[in-house]
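Computed from the coordinates by the stated procedures, all read-outs in this text should not be read as laboratory data. Values in this document were obtained by computation on a predicted structure and should not be read as measured data. All Cβ positions, glycine included, derive from the backbone under ideal geometry; neighbour counts span all protein chains shown.
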Amino acid sequence: MFIKDPLKIFALTVFLMLFSGSIPAQQHSPVAFIERLHPGLDAVIDTHAVVSVIADGFEWVEGPLWVESEKMLLFSDVMKNRICRWTAQKGVSPYLEPSGYTAAVPRGKELGSNGLAINPQGQLVLCQHGDRRVAVMEAPVADPQPTFVTAAGSYNNKKFNSPNDLAIKSNGDIYFTDPPYGLEKGPDDPERELPFFGVYRIAKDGKVTLLTDSLSRPNGIAFFPGEKQVLIANSDPQKPHWYLYDLNSNGLLANGRIFFDGSAIFQKEHRTPDGIKINDKGVVFAPGPGGVWIFSREGRPLGRIRTPLITSNCAFSGNYKTLFITAAHCVLKVALK
């Protein structure tokens, strides 16, 4: 029998070692491992790097954000409508509740915050599923309070679906995606007002511009260094692609094309593209089928952080030497080069 799948080889090796007594039966196998697809991966991450769990016990975590000023990681505990924090000294603790739904009428599904970011003023900016808006926390990040001001809640007087992920340019413009995942009944929710799932920009003066309505499920979004190009994940099983756009002089999307076509991979591992982060060298880290994909700036797959967990998003530490990954019910950490 010849096995090609590295994840199956890894699982079989662990089983044989356990069966033969080479390792103690009570020792847990790693939650993930590094799969090398191209020699270029060697400059990004060590193939023997250890992926560790730093937080666990959640239902679905999203939107990780490293806050350098506080040396803390924030992440959205989406189903519980709260944000948690992690620090190396204190571990996990509550940070903000409620985080995405502030109305009094009870509701379910993905009601909390999702994508998180820090704007040039040092304020926390949130994609709020339940309130269907992009909001700014009015309190300082060091002293969080659930008081928010709406950055944008509608387009042409129609409420957004559920803002999902965002990226903020150095000039303060907020780019965000608006798929249906925060609506209680998904795309068929009777409360849905817009006939499409868009990508938008909120300018410094508050003006909301629709950048594209052509993506079927826009999700993760990130700028390449220099802010001349933006990458957008499309979490649609029919079109599981990452799309690359140029930004013209007015900050609008231009020359859209497929950065990487995930169709063939999706046939084997049924997980669509989700969040995106891009480091200071233009290397892309993109949760999707089988874990977190690592691409060169040109769209070449360099490797994957392989895990059976469903990965949703990731974030870098301030020096880009650590990657944090939100994955189903837990948060992972791995060292980068």
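Annotation for the range 161-231: GluC sites (Glu not before Pro) lying in DSSP loop with at most 10 further Cβ atoms inside 10 Å of their Cβ are Glu191.
Spin-label model, Lys204 to Asp143: label points 7 Å out along the Cα-to-beta-carbon direction sit 2.8 nm apart. Applied to the range 330-337, the Karplus parametrisation 6.51 cos²θ - 1.76 cosθ + 1.60 on θ = phi - 60° returns per-residue 3J(HN,Hα) values of 9, 10, 10, 9, 8, 7, 10, 8 Hz, with x for Gly and Pro. Amide H contacts under 5 Å for Ile54: Val331, Leu332, Lys333, restricted to partners 5 or more places along the chain or on a different chain, H placed in the peptide plane at 1.01 Å from N. Close amide H partners of Ala152, meaning residues 5 or more places away or on another chain with modelled amide H under 5 Å apart, are Val134. Overall, the range 32-335 carries a charge dipole of about 320 debye about its Cα centre when +1 sits on the Cβ of Lys and Arg and -1 on the Cβ of Asp and Glu, all other atoms neutral. Amide hydrogen proximity for Gly303: with H placed 1.01 Å from N in the peptide plane, the residues at 5 or more positions away or on another chain lying under 5 Å are Leu37, Ile294. Taken about its Cα centre, the range 203-245 carries a charge dipole of roughly 20 debye when the Cβ of each Lys and Arg holds +1 and the Cβ of each Asp and Glu holds -1.
Taking every C-alpha pair closer than 8 Å and separated by at least 6 residues, the mean separation divided by the residue count of the chain gives a relative contact order of 16 percent. For the residues Ser317, Ser69, Ser235, a GNM of the chain with alpha-carbon springs under 10 Å puts the largest fluctuation on Ser69.
Extension gain for the segment Asp189 to Asn248, taken as residue separation times 0.36 nm less the Cα-Cα distance, is 17.7 nm to one decimal.
Taking Cα atoms only, the orientation of helix 6-20 departs from the longest principal axis of the chain by about 50 degrees. The length gained on full extension between Asn156 and Arg257, counted as 0.36 nm times the residue separation minus their Cα-Cα distance, comes to 33.6 nm. Largest mean-square fluctuation among Gly115, Gly290, Gly172, in a Gaussian network model of the chain whose springs join Cα atoms under 10 Å apart, belongs to Gly172.
Relative to one another, the C-alpha centroids of the range 138-156 and the range 199-268 are positioned 24 Å apart. GNM remark for the chain: springs join alpha carbons under 10 Å apart, and the peak mean-square fluctuation among Asn248, Asn81, Asn313 falls on Asn248. Of the trypsin sites (Lys or Arg not before Pro) found in the range 155-195, those that fall in a DSSP loop while having at most 15 other beta-carbon atoms within 10 Å are Lys185.
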